[in-house]
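One structure is given here, and the rest of the page talks about it.
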Amino acid sequence: MCICLKSSTFAAVFIGMERMRSHLLMRSVLDLMYPPLCPLCERLLRGDVRICEACMKTLPRTEQHLLRGNQTEEHLVRNTRVEKAASFLYYLPSLLPAAFGNGHEQDAGRLLRLIKYSNRPELATFLAEAAAREWQETGFWEDIDLIIPIPLHPRRLRQRGYNQSLFIARGLSNVTDIPVDTTHLLRTHNNRHQARLGEQKRAENVQGIFSLVRPEELKGKHILLVDDIITTGNTILSALKPFQNIRSCRFTVFALALTRHK
């Protein structure tokens, strides 16, 4: 019996190694045929980076992790349990001219569109990892128990194939080691896309679309709520409402980008 167990274990390890070798070989072949390029400048990428160093430097950081009462927090002042909130980058809508100095910073919007609509969620993880590393020494992530990404409705998840906010959450977790939770907060209504609506309609569109399961498990937790883009803050505020009856529950909010109109 012992021999059989050892043999089967060895076989499983051997098969796993062979699969890994095959995966690495396939990746090498694909990289040779289709070299990975920076999605912004099309420079050849080296190693595991997803955006070249030069383009990463030009992305418009908000530096909001250093500022209390910042623009992201202003959107969320209606919820007193939000202890702090910050967005990593400024997002300039594509129809507006570049409002920044060097002509490259509007490319944050280009990245966000690739993430959300062009099946490039790995860019979200890469950017979130960058944010986590850049903010780590400031203590922004301290005392947080769980990372909860804003969920998609199952129908929209099937259509898109992935939840970009989950990929952002994973990137933050990779650096901070804070666990990601996708089991408690649910999106129960498949509301219309916020981007196509005016400010008043945005607020109406997200009312009552989220619910919680097993809320008692979150009592006393400090939760990092994660979204891709904040424009008015209405989606985050709606996601916070199911938590209102949980005692001692606190929140920090992170968004990959904040819409900037001027």
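The values are calculated or read from the model by the stated rules, or taken from the named source; none is laboratory data. Computed from a predicted model, the values in this text were never measured in an experiment. Ideal geometry is used to build each Cβ from the backbone, glycine not excepted, and the neighbour counts take in all protein chains shown. The protein model used for the area step is the full one, side chains on, heavy atoms only, and it has no ligands, DNA or RNA in it. Shrake-Rupley method; radii C 1.70, N 1.55, O 1.52, S 1.80 Å.
Considering the stretch 17-67 alone, what residues qualify as being of a type in the set (S, T, N, Q) and at pLDDT 85 or above?
Of everything in the stretch 17-67, those that are of a type in the set (S, T, N, Q) and at pLDDT 85 or above turn out to be THR58, THR62, GLN64.
Please indicate, with yes or no, whether at least one residue in the stretch 187-199 is open to solvent by 30 Å² or more (accessible area, probe 1.4 Å), in contact with a strand residue (DSSP E or B) (Cβ under 7 Å, 6 or more places away or on another chain), modelled with pLDDT under 95 and assigned to a loop (DSSP other than H, G, I, E, B).
Among the residues of the stretch 187-199, at least one is open to solvent by 30 Å² or more (accessible area, probe 1.4 Å), in contact with a strand residue (DSSP E or B) (Cβ under 7 Å, 6 or more places away or on another chain), modelled with pLDDT under 95 and assigned to a loop (DSSP other than H, G, I, E, B), which makes the answer yes.
Between residues in the stretch 60-83 that are among the aliphatic types (A, V, I, L, M) and residues that are assigned to a helix (DSSP H, G or I) and open to solvent by less than 80 Å² (accessible area, probe 1.4 Å), which pairs lie under 7 Å by C-beta distance while being six or more apart or on different chains?
LEU66/THR138; LEU76/ILE236; LEU76/LEU237
Contact list please: Cβ distance under 8 Å, first residue in the stretch 136-150 and more than 21 Å from LEU185 (Cβ to Cβ), second residue open to solvent by less than 70 Å² (accessible area, probe 1.4 Å) and in a strand (DSSP E or B), pairs at least six apart or on different chains.
Partner pairs satisfying both residue conditions: PHE140/LYS84; PHE140/ALA86; PHE140/THR252.
Among the residues of the stretch 40-71, what is the count of those that are open to solvent by less than 70 Å² (accessible area, probe 1.4 Å) and closer than 15 Å to ALA108 by Cβ?
Within the stretch 40-71, residues that are open to solvent by less than 70 Å² (accessible area, probe 1.4 Å) and closer than 15 Å to ALA108 by Cβ number 13.
Yes/no per residue for (1) buried (at least 20 other Cβ atoms within 10 Å of the Cβ); (2) more than 17 Å from ALA169 (Cα to Cα); (3) charged (D, E, K, R):
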residue: HIS222; (1), (2), (3): no, no, no
residue: ILE230; (1), (2), (3): yes, no, no
residue: ALA239; (1), (2), (3): yes, no, no
residue: ARG247; (1), (2), (3): no, yes, yes
residue: LEU256; (1), (2), (3): yes, no, no
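Does the stretch 114-123 include one or more residues that are more than 30 Å from GLY220 (Cα to Cα), exposed (fewer than 14 other Cβ atoms within 10 Å of the Cβ) and modelled with pLDDT under 90?
no
Can you pull out every residue in the stretch 241-262 that is aliphatic (A, V, I, L, M) and at pLDDT below 95?
ILE246
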